[in-house]
1. Pick from the stretch 318-347 the residues that are within 11 Å of the ligand (Cβ to nearest atom) and not β-branched (V, I, T): which of them is nearest to G259 (Cα to Cα)?
2. I need the strands (runs of 3 or more DSSP E) fully contained in the stretch 191-247, keeping only those with at least 3 residues that are away from the ligand (no atom under 11 Å from the Cβ) and in contact with a Phe, Trp or Tyr (Cβ under 9 Å, 6 or more places away or on another chain).
3. Assuming L172 fulfils every condition listed in (1) surrounded by fewer than 21 Cβ atoms within 10 Å (Cβ to Cβ); (2) touching a residue at least 12 places away in the same chain (Cβ under 8 Å) apart from one, which condition is it?
4. Let me spell it out: the conditions are (1) touching a residue at least 24 places away in the same chain (Cβ under 8 Å); (2) under 19 Å from T78 (Cβ atoms); (3) more than 25 Å from the chain's Cα centre (by Cα), and L117 meets all of them except one. Which number is the exception?
5. Quick one: what pairs do we get from the stretch 292-310, first residue within 10 Å of the ligand (Cβ to nearest atom), second assigned to a loop (DSSP other than H, G, I, E, B) and hydroxyl-bearing (S, T, Y), C-beta under 7 Å, 6+ apart or different chains?
6. Pairs needed: first member in the stretch 27-39, in contact (Cβ under 8 Å) with a residue 24 or more places away in the chain and farther than 15 Å from G55 by Cα; second member anywhere, of a type in the set (D, E) and more than 9 Å from the ligand (Cβ to nearest atom); C-beta distance under 7 Å; at least 6 residues apart or different chains.
7. Looking only at residues that are within 13 Å of the ligand (Cβ to nearest atom) and not in a helix (DSSP H, G or I) in the stretch 30-49, which one is nearest to L213 (Cα to Cα)?
8. Tell me, please, whether a residue that is closer than 19 Å to L71 by Cβ, modelled with pLDDT of 95 or more and outside any strand (DSSP E or B) can be found in the stretch 137-146.
Amino acid sequence: MPSSPPPSRGHAQRGAREVDVVVIGGGVNGAGVARDASMRGLKVALFERNDIAFGASGNSSGMIHGGPRYLTYDPGVTETSCRDSGHIQHIAPHLLFRIPFLYPVARSVKSKVMLTLIDGFFQAYDEYQPLKHGKPHARLTADELRKLEPGLHGDLEGGVSFDEWGIDGARLSLENVVDAAERGTKVWTGTTVETIERHDETGEVMAVRYRDLRSGRTGRLTTSAIVNATGAWAPITASLSGLPAQKARVRGGKGIHVGYDRRLTNYAIAGRTIDGREIFLEPWQNLSVLGTTDDDYYGDLDNVFATSEEVRYLVEGIARIFPQIHEARPIYTYAGVRPTLYAYGPLEDALSRNHEVVDHTAH
Ligand SMILES: Cc1cc2nc3c(=O)[nH]c(=O)nc-3n(C[C@H](O)[C@H](O)[C@H](O)COP(=O)(O)OP(=O)(O)OC[C@H]3O[C@@H](n4cnc5c(N)ncnc54)[C@H](O)[C@@H]3O)c2cc1C
């Protein structure tokens, strides 16, 4: 696209637009929206400032979440997560693999009651498993747990197994983009949207102005609609159109993972950190992944990385139940920021994982 003069917000002309929809953000949501819109016959353009799945989508725990954690206080999210998992399994079965979990319970004065409660909890979760083609949980003795996972450490009361699915979020995003491109979507990577032009009187969107971050070239593309699918960047993107950032407010939660060079366990195992948070060590394809943290993030979204303190916090937590982690070979770390819905007050782990669609025209 040729270079254009600097943006003059509000002076865009009405008339024929070059595309029907501009999607901003090449994560799993933007990629999915672009594919879906192009399947419906719309003319679509997708802009990604970095590379496909650069954000949360390429830096997740690599599970299609069934959402057992939300069952007690937000069962609707558990149901939606399981339903979504079923849809993704239908759309991209070649990207899925099972990650069965073991949830061990350490022996204590209340561990018998705890195990009974946990067993009951996963019985409730079993109700949702058919939505995602998962297997029901099983209650296990300490001996059974050790037979399945000989590396488990400590005096155990017993535990349960439950079923989840793994996926490579970057591949899922990329394959959506490839399919969208094959259906006519024009894809710009390494290209940031800098301005969203809106009509002075009606407020309707008219065009985006963008910049290729490698060549510095700028351009303008007229459109009838814009989808802001920029995850944790969503408030910044909303402000590009002159809307206050609060119109698309998120509370970004940074999470890090440590990757190991091989499968260290047969099953994913759940453990606890020093402050009582649940973490996991999961066999993930031919590697193992230890995760994850969840901390409010106020830093640069384009430069998120794991610190050695965060790594040590996770390793210390999982070592309580799986001490061999100290002999294992970590080969990489990665970090991302969750686009969690905004709420003031709750601890990060307790924030809702629900989705929200914000219609900016209503503002
Ligand atoms: C640590 C962690 C663990 C997680 N684990 C799981 C899990 O196991 N299972 C699960 O289902 N979910 C998990 N999630 C949540 C999941 O990853 C996110 O909900 C999902 O990836 C959000 O996708 P998105 O497309 O909305 O945002 P993102 O993937 O963050 O994509 C936003 C994109 O917008 C681009 N962008 C920003 N501004 C602009 C601009 N102006 N112009 C062009 N492009 C722009 C960015 O470069 C980025 O690529 C996890 C998230 C994190 C961080």
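1. Going through the qualifying residues, I end up with Y334.
2. Here the list reads 218-228.
3. Tallying (1) surrounded by fewer than 21 Cβ atoms within 10 Å (Cβ to Cβ); (2) touching a residue at least 12 places away in the same chain (Cβ under 8 Å), L172 fails exactly one: (1).
4. All conditions pass for L117, except number (1).
5. As it stands, the answer is T292/S61, since those pairs meet every condition given.
6. What qualifies is R35/D179.
7. Checking each candidate, the answer is R49.
8. Checking the stretch 137-146: at least one residue is closer than 19 Å to L71 by Cβ, modelled with pLDDT of 95 or more and outside any strand (DSSP E or B).
The values are calculated or read from the model by the stated rules, or taken from the named source; none is laboratory data. These numbers were taken from a predicted model, which means no experiment stands behind them. No Cβ is skipped: glycine too gets one built from the backbone with ideal geometry, and neighbour counts run over all protein chains shown.
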